[in-house]
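Below is one structure, written out as structure tokens; the observations come after it.
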Amino acid sequence: MTNPADRYAHWAQAGGGDVPIDRIDAEAILRDPDIDIMALAAAAGQVRRQYFGNTVSIHVLDNVRNGACPEDCGYCGQSKVSDAPIKAYRTKPVADILREAEQAKAGGAFRFCMALSGRGPSDADIDELCEAVQQIKAMGLRTCLSFGLLNETKAKRLAEAGLDRLNHNLNTSRRHYPKICTTHTYDDRLATISAARSAGLGVCSGVIVGMDETQADLLDVAYQLRDIRAESIPVNFLLPIEGNPVTDAVCDGMPLTPAFCLRALCMFRLVNPTAELRMAAGREVHLRSLQPLALWPTNSLFMEGYLLTEGDTAATTLQMIRDAGFVPRVDEGELPDAVWQASAPSIELTIKADAAKS
Ligand code: SF4
């Protein structure tokens with residue numbers, strides 16, 4: 001390609017045909033200083049628009065069970081090796097989960113995502129979650145569950161209850177995985193994803209950027225997610241939690257910057273053109289003022305915080321979506337006016353006292 005501008009058009013065209021860009025281009029997106037970030041975001045945005053229009057799927061995460069986990073995931077404040085000062089609690093009663101789902105729906109959520117700490121769910125957990133899923137589906141919300149390793153029998157029970165998706169993140173590359181976790185393997189994770197797929201569940205699987213991996217690791221996991229055809233890909237940026245073994249948010253030895261995070265999102269979009277791509281945990285801290293621009297490669301986000309940390313509120317998030325010219329995805333019709341109105345900030349202009357005097 002002689003004209004540098006041609007490559008952006010080439011990437012957009014490939015994505016439009018659901019063809020992943022090749023690895024040399026994906027690598028350039030992450031590291032080439034000659035990349036024009038606005039042209040890159042426009043190319044990724046063209047692909048995103050083709051599959052998702054101008055809609056944004058809003059997800060709300062409910063931490064249904066917190067802490068006391070026997071696993072040793074180094075980035076997680078709930079693991080047995082973390083000294084993070086978290087408040088552990090057992091699985092919430094179904095009534096509490098339903099009340100929180102109602103609140104999420106009223107705030108504009110499209111999908112309610114329930115996460116439980118632990119290596120995997122017991123039969124009693126499955127009973128309770130099947131009941132919760134059935135009732136949340138009846139509210140008109142899509143559902144997603146995240147709770148460690150799972151076999152096909154349990155996955156089938158959840159699918160029969162109406163669960164839409166299982167979340168099970170690959171998190172990083174196969175090569176880097178033993179550096180962030182030793183109590184289970186990359187293959188264990190792939191087996192859980194395979195069980196979910198066999199049971200007929202949708203697969204949500206993503207990544208955490210900034211766990212001291214290399215850029216090559218990010219490329220590996222992006223293509224691995226393409227290989228498993230993850231229909232939903234949350235891209236998290238490490239939120240350093242004091243007391244965890246993995247606390248420095250770096251990639252290739254460099255601290256994450258907003259521009260690098262945006263490049264990473266564009267790379268994930270162009271390697272996985274049709275996936276629901278989500279700017280997930282850490283978007284506020286690491287993308288900072290580039291968050292609205294990240295709506296070009298991504299078509300989904302979390303609001304109201306994450307498992308252990310606060311995030312932007314519904315009001316702030318909805319305002320950003322509207323300001324950027326996008327609309328929240330809903331199953332039918334449009335987001336109720338009441339939700340928009342509740343999110344609309346009242347901006348009062350006050351003249352500075354010294355300016356008023358002059
Ligand atoms: S299995 Fe889940 S809850 Fe347990 S340490 Fe790993 S990420 Fe945290």
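Structure data summary
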item	result
Among (1) more than 30 Å from residue 109 (Cβ to Cβ); (2) in contact (Cβ under 8 Å) with a residue 40 or more places away in the chain, the one test that residue 60 misses	(1)
Subset tally (residues that are part of a helix (DSSP H, G or I), within 10 Å of the ligand (Cβ to nearest atom) and surrounded by fewer than 19 Cβ atoms within 10 Å (Cβ to Cβ)) for segment 168-193	0
Checking residue 223 against (1) closer than 23 Å to residue 46 by Cα; (2) in contact with a His (Cβ under 7 Å, 6 or more places away or on another chain); (3) of a type in the set (Phe, Trp, Tyr), the condition it does not meet	(2)
Residue in segment 280-287 that is of a type in the set (Asp, Glu) and either free of Cβ contacts under 8 Å to residues at least 12 places away in the same chain or part of a helix (DSSP H, G or I) (or both) present	yes
Yes/no for residue 30 being more than 16 Å from the ligand (Cβ to nearest atom) and touching a residue at least 40 places away in the same chain (Cβ under 8 Å)	yes
Test for residue 261: is it surrounded by 20 or more Cβ atoms within 10 Å (Cβ to Cβ) and under 17 Å from the mean Cα position of the chain (by Cα)	yes
Residues of segment 10-24 that turn out to be crowded, with 18+ Cβ neighbours inside 10 Å and assigned to a helix (DSSP H, G or I), as a count	4
Check on residue 7, surrounded by 18 or more Cβ atoms within 10 Å (Cβ to Cβ) and charged (D, E, K, R)	yes
Among (1) surrounded by fewer than 19 Cβ atoms within 10 Å (Cβ to Cβ); (2) modelled with pLDDT of 95 or more - the single one residue 1 does not satisfy	(2)
Selection from segment 19-73 of residues that are on the phi > 0 side of the Ramachandran plot and either under 20 Å from the mean Cα position of the chain (by Cα) or among the aliphatic types (A, V, I, L, M) (or both)	53, 68
Strands (runs of 3 or more DSSP E) within segment 194-236 that include 3 or more residues buried (at least 22 other Cβ atoms within 10 Å of the Cβ), in contact (Cβ under 8 Å) with a residue 12 or more places away in the chain and out of contact with any strand residue (DSSP E or B) (no Cβ under 7 Å at 6 or more places or on another chain)	none
Cβ-Cβ under 6 Å pairs, at least 6 apart or on other chains, segment 113-138 side within 25 Å of residue 301 (Cβ to Cβ), far side among the small types (Gly, Ala, Ser) and part of a helix (DSSP H, G or I)	133/161; 136/101
Residue match in segment 168-188 (condition: touching a residue at least 12 places away in the same chain (Cβ under 8 Å), among the aromatic types (Phe, Trp, Tyr) and within 30 Å of residue 330 (Cα to Cα))	no
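Condition check ((1) at pLDDT 95 or above; (2) small (Gly, Ala, Ser); (3) under 17 Å from residue 207 (Cβ atoms); (4) buried (at least 18 other Cβ atoms within 10 Å of the Cβ)) across all residues:
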site	(1), (2), (3), (4)
272	yes, no, yes, yes
296	yes, no, no, yes
301	no, no, yes, yes
322	no, no, no, no
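The values are calculated or read from the model by the stated rules, or taken from the named source; none is laboratory data. Keep in mind the model is a prediction, meaning the values are calculated, not measured. Cβ: placed from backbone, ideal geometry, glycine included. Neighbour counts: every protein chain shown.
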